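**Q** I have a structure here, written as structure tokens, and I will follow up with some questions on it.
The values are calculated or read from the model by the stated rules, or taken from the named source; none is laboratory data. Computed from a predicted structure; not experimentally measured. Ideal geometry is used to build each Cβ from the backbone, glycine not excepted, and the neighbour counts take in all protein chains shown. Side chains included, ligands, DNA and RNA excluded: accessible areas come from the protein's heavy atoms. Shrake-Rupley method; radii C 1.70, N 1.55, O 1.52, S 1.80 Å.
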Number of protein chains: 2
Amino acid sequence: MYRDHNNSELNISSLNKKVTLSGWVQKIRDKGFIIWVDLRDRYGITQLVFDSERTSTAVIEQARELGREFVIQVEGQVLERESKNKHMSTGDIEVLVEKLTVLNASEIPPFTIEDKTDGGEDLRMKYRYLDIRRNPVKNKLIFRSKVSMAVRNYLSQQDFVEVETPYLIKSTPEGARDFVVPSRMNAGQFYALPQSPQTFKQLLMVGGLDKYFQIVKCFRDEDLRADRQPEFTQIDCEMTFVEQEDILNTFEGLTKHLLKEINNVEVKAFPRMTYDEAMKTYGNDKPDIRFGMKFGELNSVAQHKDFKVFNEAELVVGIAVPGAASYSRKEIDKLIDWVKRPQVGAKGMVYVKYNEDGTLKSSVDKFYDEADLKAWVEQTHAQPGDLICVLSGDANTTRGQLSALRMEMGNRLGLRKPNEFAPLWVIDFPLLEWDEDTKRYHAMHHPFTSPKAGQIPLLATDPGAVKANAYDLVLNGNEIGGGSIRIHDQKTQALMFDYLGFSKEEAEAQFGFLMKAFTYGAPPHGGIAFGLDRLVAILGGQESIRDFIAFPKNNSGRDIMIDAPAPIDEEQLKELDLKLRS
Amino acid sequence: MYRDHNNSELNISSLNKKVTLSGWVQKIRDKGFIIWVDLRDRYGITQLVFDSERTSTAVIEQARELGREFVIQVEGQVLERESKNKHMSTGDIEVLVEKLTVLNASEIPPFTIEDKTDGGEDLRMKYRYLDIRRNPVKNKLIFRSKVSMAVRNYLSQQDFVEVETPYLIKSTPEGARDFVVPSRMNAGQFYALPQSPQTFKQLLMVGGLDKYFQIVKCFRDEDLRADRQPEFTQIDCEMTFVEQEDILNTFEGLTKHLLKEINNVEVKAFPRMTYDEAMKTYGNDKPDIRFGMKFGELNSVAQHKDFKVFNEAELVVGIAVPGAASYSRKEIDKLIDWVKRPQVGAKGMVYVKYNEDGTLKSSVDKFYDEADLKAWVEQTHAQPGDLICVLSGDANTTRGQLSALRMEMGNRLGLRKPNEFAPLWVIDFPLLEWDEDTKRYHAMHHPFTSPKAGQIPLLATDPGAVKANAYDLVLNGNEIGGGSIRIHDQKTQALMFDYLGFSKEEAEAQFGFLMKAFTYGAPPHGGIAFGLDRLVAILGGQESIRDFIAFPKNNSGRDIMIDAPAPIDEEQLKELDLKLRS
């Protein structure tokens, strides 16, 4: 037996007990006649004491050999501390060591195992097993486990069945790129790893399982952006005999439960906003509504004057940044540089200082008089002291740019508070979106999403205007879940594939099994999928998902700890009937 | 709203209620003036009634158009049935339909959606979504979900943290064949899908997580035997600061909990048996101890007579088959044919009838007199009425053959009762096993398993005799879990790789990260992994795992429903820098 207590358990009630503890050496303070060692494990820290008056010389000698991160076992007696530490569960006691066993020595770790470490990102990833010893990482992994259990318990209590769907499935060219897996037993053929269990969960509904969920890994072979992983985890859900309203209520329930259970936050009914409204008001289909700075459209008040830039723009739109009227010329120039960065891409920015004294000063005073600017103030709901920032151009692009500026100012002004939670549903998404590259419409959600009742004829005349029974759950400026009511009849599904540019043969080859299934009494159904990595990060008050993943990959999709991917043997390639090209 | 009740909820307390129900048409009985329809969903069946005296003609006409597996929605009133059905929760009532909506029609399904179907295995797999509508399959999937939740809740309550380990890892030639995943972003390089999260869970222990579990898919590219799947699910567990005893106690606790919670069976302390004893007594390291027929070794009493076959054998060993002395000559000949089948491979079988009257009659009366045979009776613990079956030859082979016979007789005699549960621990496994193909020793469990204390020197002199801190949990003749205490110091691990024939370079390239981790204060640790598919099947009283998997693959590793694996585009291959050889 290596221990009879962990390192958070002993306290004043344990006085004089003989105990056995195990753990890592966190810290050593050697005062000559007395040595203190902080012994750490997952649960906490217990202070050990080696006292030349009370501990045998041999044990003291042993203690002098210890180094940081040595793994040791000690036997000793629980004593009351002279100087107590109220911040630790074990802060009232210390253990006077009688016997010390070194279970494993340690080399000096490449970075300090402290809450604030001196290790950079790359070093921490290479030695991830040491990084996990640090409280900030360890606690995030435990937090994730807790969130997963809360999800599972809630959904199970609501009669959802967790079903494991297969990982070795079939590649479909639609959507993002699949990771593929060559089959040795079926030479020249490949499995694909699922981007989501979409078709399988729909088949489970055809199969009458009624309520399904799964916490499941999904895979996408995309060029990675920061904070995107090639493998990620979804909470995948599907229900039968439901309309959109049923889904929204069920998963609003789940989200409220998590906020209560995990964050002890009570949230009232989630607001609902149409996609069009979200785009118009926040320039973004996942608005952070913890703060204002709603968009004010200025076309009617800023166009048809002499300012050519605005007159030629499809959209002139501004936000009032609270308290920023006091920005210096230099600060404003910096802000203009910021919106002109390639990541944002604005050509310039017009501004109006709405000073505390009610006066107005703009960068376009040449073209607009006070009355004009007063109208801008009204449109943007600016208050004295605010800085009105105005962008213009093509409507979609400009909205995106102003949204980026709004989020940036939200961050700079501390309006995006990690412990405040503002969920909302964004509904009535367009069914299709135009793709400039391929010059055709793509499914905005996926090809299984049903159009709103009665809108199928519109597909022929104005496809971009067709709305879908699709919805996103947005939390603090992040899409944490998205789903739709699915098509459940074979004819509509075939029609949809046709509109999306699939030939009959392609549709049959890729999704024939699903359309066949729809001819055998497929029920109405719909669902949602949550991104667990993101959800956990946001509930944990963070924006970055990486530390909520035990062994994440870097931006080249590499695991630098185990050094994967890696070349494989020629023999292995041969068995798979494969050759490298280069 | 598609329904306000499911099809198991209405009963006598719901009388006269107006209700809305949805579901599938299970059965239609048309008596002309009255039509009964059984409406089915996941939860049960509700009887609908269309009565020409009380239902509108239009609705009756509609009802006449219904077919099996149509999806319908009805509104109606709950009435008391005339002839009640005590076997159904809704057996006291029926719903008089006022409004009928066909939500989706159905073609005639390729097999009947009944508990006993007319569909063969292949047809059922191709239309798995219809198969899942059948109670036996549906209930097994729900049962699996329930077992998984019970596992998770138990382990979470014991402070285990569920951590998701990566699916895209590195290929290692040790062990079974990996499935590999070509990396597009790292041309010419491959990920592998994990055969188990072994090294990652060990790194989590090095990382101080203390108690880890995960219910996780694993992958093995093996030539499939019946009831083996290329992807399978493990309950993977690891603990820190533990000895074998701690692991056995913890997971005996889990198993007892499952038997109680799932099967309502209380099991006392699990027996423990060494590997050597299991092999000697049952010829098998996963003995089914629900029944006797223990091996009786006969070398001392059957050799050194004139029977050459036995004299030349390394081992002569028999079992007493209860009540089989009455077998006819023909039946015994059939049994001899059975042991001579290539799957068993015995050259022949000697038998002794120990008749009810105490007389003995054997197939080798020429060589053995009654006193000789009495000794056989004693060794095999035969009772009057038993048939003693004796095999001989090389010890290992003969034990395997006799074990096959023992299991077969257990099945034939109904001794392997699905609702009886007899778990046991098999311990003290050999560390290594000799492989005839490669002419060297392989790790019996895996290369991370620690040898018993003090046995490392034996590796040099008698490697096959070294015992490991390895254990299997056996239930009803199946290994449901296996694990070991791991090596946790770098030197022993390097030594082990050396003994297993790894060059220093190979060991470094494949497991360098683990050995490096061992130099930074790796704690003593150990664990276990359960095969969830098998565990669930056994708790469900079945031997075959296939129906406990939602979408299993066939024996060629194919999913015949979605038709995977399949060829991929030349374009996709090019992106992966790959070419087919043939």
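**Q** Only one of (1) more than 7 Å from chain A (Cβ to nearest Cβ); (2) part of a strand (DSSP E or B); (3) open to solvent by less than 10 Å² (accessible area, probe 1.4 Å) fails for B:Thr233. Which number is that?
**A** Unmet for B:Thr233, out of (1) more than 7 Å from chain A (Cβ to nearest Cβ); (2) part of a strand (DSSP E or B); (3) open to solvent by less than 10 Å² (accessible area, probe 1.4 Å): (1).
**Q** A follow-up question, please. Suppose we keep only residues that are of a type in the set (Lys, Arg) and assigned to a helix (DSSP H, G or I) within region A:115-136. Which one would you say is most open to solvent (accessible area, probe 1.4 Å)?
**A** Applying the filter and picking the extreme gives A:Lys126.
**Q** Taking B:Gly67, is it part of a loop (DSSP other than H, G, I, E, B), within 14 Å of chain A (Cβ to nearest Cβ), in contact (Cβ under 8 Å) with a residue 24 or more places away in the chain and over 25 Å from B:Ile480 (Cβ atoms)?
**A** It is true that B:Gly67 is part of a loop (DSSP other than H, G, I, E, B), within 14 Å of chain A (Cβ to nearest Cβ), in contact (Cβ under 8 Å) with a residue 24 or more places away in the chain and over 25 Å from B:Ile480 (Cβ atoms).
**Q** Sticking with this one: Just one of the numbered conditions (1) facing chain B (nearest Cβ under 8 Å); (2) open to solvent by 10 Å² or more (accessible area, probe 1.4 Å) is not true of A:Thr165; which one?
**A** (2)
**Q** (1) open to solvent by 10 Å² or more (accessible area, probe 1.4 Å); (2) outside any strand (DSSP E or B): which one isn't true of B:Ile485, the others all being true?
**A** If we test B:Ile485 against (1) open to solvent by 10 Å² or more (accessible area, probe 1.4 Å); (2) outside any strand (DSSP E or B), just (2) comes out false.
**Q** So which residues in region B:367-395 are more than 14 Å from B:Asn355 (Cα to Cα) and either of a type in the set (Asp, Glu) or outside the structural domain of B:Lys305 (by TED's automatic domain parsing) (or both)?
**A** Those that are more than 14 Å from B:Asn355 (Cα to Cα) and either of a type in the set (Asp, Glu) or outside the structural domain of B:Lys305 (by TED's automatic domain parsing) (or both): B:Asp369, B:Asp372, B:Glu378, B:Asp394.
**Q** Give the residues of region A:190-211 that are facing another protein chain (nearest Cβ under 8 Å) and either acidic (Asp, Glu) or assigned to a loop (DSSP other than H, G, I, E, B) (or both), sorted by residue number.
**A** A:Leu193, A:Gly207, A:Gly208, A:Leu209, A:Asp210, listed by residue number.
**Q** Here's another thing I want to ask about it. Quick check, is A:Val102 in contact with a strand residue (DSSP E or B) (Cβ under 6 Å, 6 or more places away or on another chain) and either assigned by TED's automatic domain parsing to the domain that holds A:Trp434 or modelled with pLDDT of 95 or more (or both)?
**A** yes
**Q** When the residues of region B:337-358 are narrowed to those that are of a type outside the set (D, E, K, R) and open to solvent by 60 Å² or more (accessible area, probe 1.4 Å), which ends up farthest from B:Glu408 (Cα to Cα)?
**A** Per the stated criteria, the residue is B:Pro342.
**Q** Here's a follow-up. Considering region A:397-416 alone, what residues qualify as being in contact with a Phe, Trp or Tyr (Cβ under 9 Å, 6 or more places away or on another chain) and not hydrophobic (A, V, I, L, M, F, W, C)?
**A** A:Arg399, A:Ser403, A:Arg406, A:Glu408, A:Gly410, A:Arg416
**Q** Shifting gears a bit: Before we move on, is B:Asp159 assigned to a loop (DSSP other than H, G, I, E, B), touching a Lys or Arg at 6+ places or on another chain (Cβ under 9 Å) and surrounded by fewer than 20 Cβ atoms within 10 Å (Cβ to Cβ)?
**A** Considered against the rule, which asks whether it is assigned to a loop (DSSP other than H, G, I, E, B), touching a Lys or Arg at 6+ places or on another chain (Cβ under 9 Å) and surrounded by fewer than 20 Cβ atoms within 10 Å (Cβ to Cβ), B:Asp159 comes out as yes.
**Q** Looking at region A:377-427, which of the residues that are part of a strand (DSSP E or B) and among the β-branched types (Val, Ile, Thr) is most open to solvent (accessible area, probe 1.4 Å)?
**A** Among residues in region A:377-427 that are part of a strand (DSSP E or B) and among the β-branched types (Val, Ile, Thr), the one most open to solvent (accessible area, probe 1.4 Å) is A:Ile427.
**Q** Being within 14 Å of chain A (Cβ to nearest Cβ) and of a type outside the set (Lys, Arg), is that true of even one residue in region B:266-283?
**A** Checked region B:266-283: no residue is within 14 Å of chain A (Cβ to nearest Cβ) and of a type outside the set (Lys, Arg).
**Q** Do you know which of the residues in region B:42-58 that are in contact with a Phe, Trp or Tyr (Cβ under 8 Å, 6 or more places away or on another chain) and open to solvent by 10 Å² or more (accessible area, probe 1.4 Å) is nearest to the other protein chains (Cβ to nearest Cβ)?
**A** Across region B:42-58, the extreme among qualifying residues is B:Gln47.
**Q** Say we look at region B:436-478 and pick out the residues that are β-branched (Val, Ile, Thr) and under 28 Å from the mean Cα position of the chain (by Cα); which of these is nearest to B:Leu424 (Cα to Cα)?
**A** B:Val474
**Q** Considering (1) in contact (Cβ under 8 Å) with a residue 24 or more places away in the chain; (2) within 14 Å of chain A (Cβ to nearest Cβ), say which one B:Arg81 fails and leave the rest.
**A** (2)
**Q** Yes or no: region B:532-544 includes at least one residue that is more than 7 Å from chain A (Cβ to nearest Cβ), over 30 Å from A:Leu66 (Cα atoms), in a loop (DSSP other than H, G, I, E, B) and in contact with a Pro (Cβ under 6 Å, 6 or more places away or on another chain).
**A** Yes; the residues of region B:532-544 include at least one that is more than 7 Å from chain A (Cβ to nearest Cβ), over 30 Å from A:Leu66 (Cα atoms), in a loop (DSSP other than H, G, I, E, B) and in contact with a Pro (Cβ under 6 Å, 6 or more places away or on another chain).
**Q** Here's a follow-up. Might you let me know whether region B:447-456 holds any residue that is of a type in the set (S, T, N, Q), buried (at least 21 other Cβ atoms within 10 Å of the Cβ) and either closer than 22 Å to B:Glu238 by Cβ or modelled with pLDDT under 95 (or both)?
**A** yes
**Q** Any residue at all in region B:134-156 that's in contact with a Phe, Trp or Tyr (Cβ under 6 Å, 6 or more places away or on another chain) and facing chain A (nearest Cβ under 7 Å)?
**A** no
**Q** So A:Phe502 passes all but one of these: (1) buried (at least 21 other Cβ atoms within 10 Å of the Cβ); (2) more than 10 Å from every other protein chain (Cβ to nearest Cβ); (3) part of a loop (DSSP other than H, G, I, E, B). Which condition number does it fail?
**A** (1)
**Q** On the given criteria, is B:Ser8 open to solvent by 70 Å² or more (accessible area, probe 1.4 Å), of a type in the set (Ser, Thr, Tyr), at pLDDT 95 or above and within 44 Å of the chain's Cα centre (by Cα)?
**A** For B:Ser8, the condition - open to solvent by 70 Å² or more (accessible area, probe 1.4 Å), of a type in the set (Ser, Thr, Tyr), at pLDDT 95 or above and within 44 Å of the chain's Cα centre (by Cα) - is not met.
**Q** Out of the residues in region A:546-566 that are closer than 13 Å to B:Tyr191 by Cα and among the hydrophobic types (A, V, I, L, M, F, W, C), which is farthest from the other protein chains (Cβ to nearest Cβ)?
**A** Once the filter is applied, the top-ranked residue is A:Ile560.
**Q** If you go through region B:168-184 one residue at a time, do you hit one that is farther than 30 Å from A:Ala550 by Cβ, among the hydroxyl-bearing types (Ser, Thr, Tyr), at the interface with chain A (Cβ under 10 Å from one of its Cβ atoms) and buried (at least 20 other Cβ atoms within 10 Å of the Cβ)?
**A** No.
**Q** Can you tell me which residue among B:Val181, B:Val147 is in a strand (DSSP E or B) and of a type in the set (Val, Ile, Thr)?
**A** Sole residue among the options that is in a strand (DSSP E or B) and of a type in the set (Val, Ile, Thr): B:Val181.
**Q** Something else: Regarding B:Ala522, is this residue in contact with a helix residue (DSSP H, G or I) (Cβ under 6 Å, 6 or more places away or on another chain), assigned to a loop (DSSP other than H, G, I, E, B) and either of a type in the set (A, V, I, L, M, F, W, C) or closer than 17 Å to B:Pro230 by Cβ (or both)?
**A** The answer is yes for B:Ala522.
**Q** Out of (1) of a type outside the set (S, T, N, Q); (2) assigned to a strand (DSSP E or B); (3) open to solvent by less than 20 Å² (accessible area, probe 1.4 Å), what's the single condition that is false for B:Glu479?
**A** Only one criterion is unmet by B:Glu479, namely (3).
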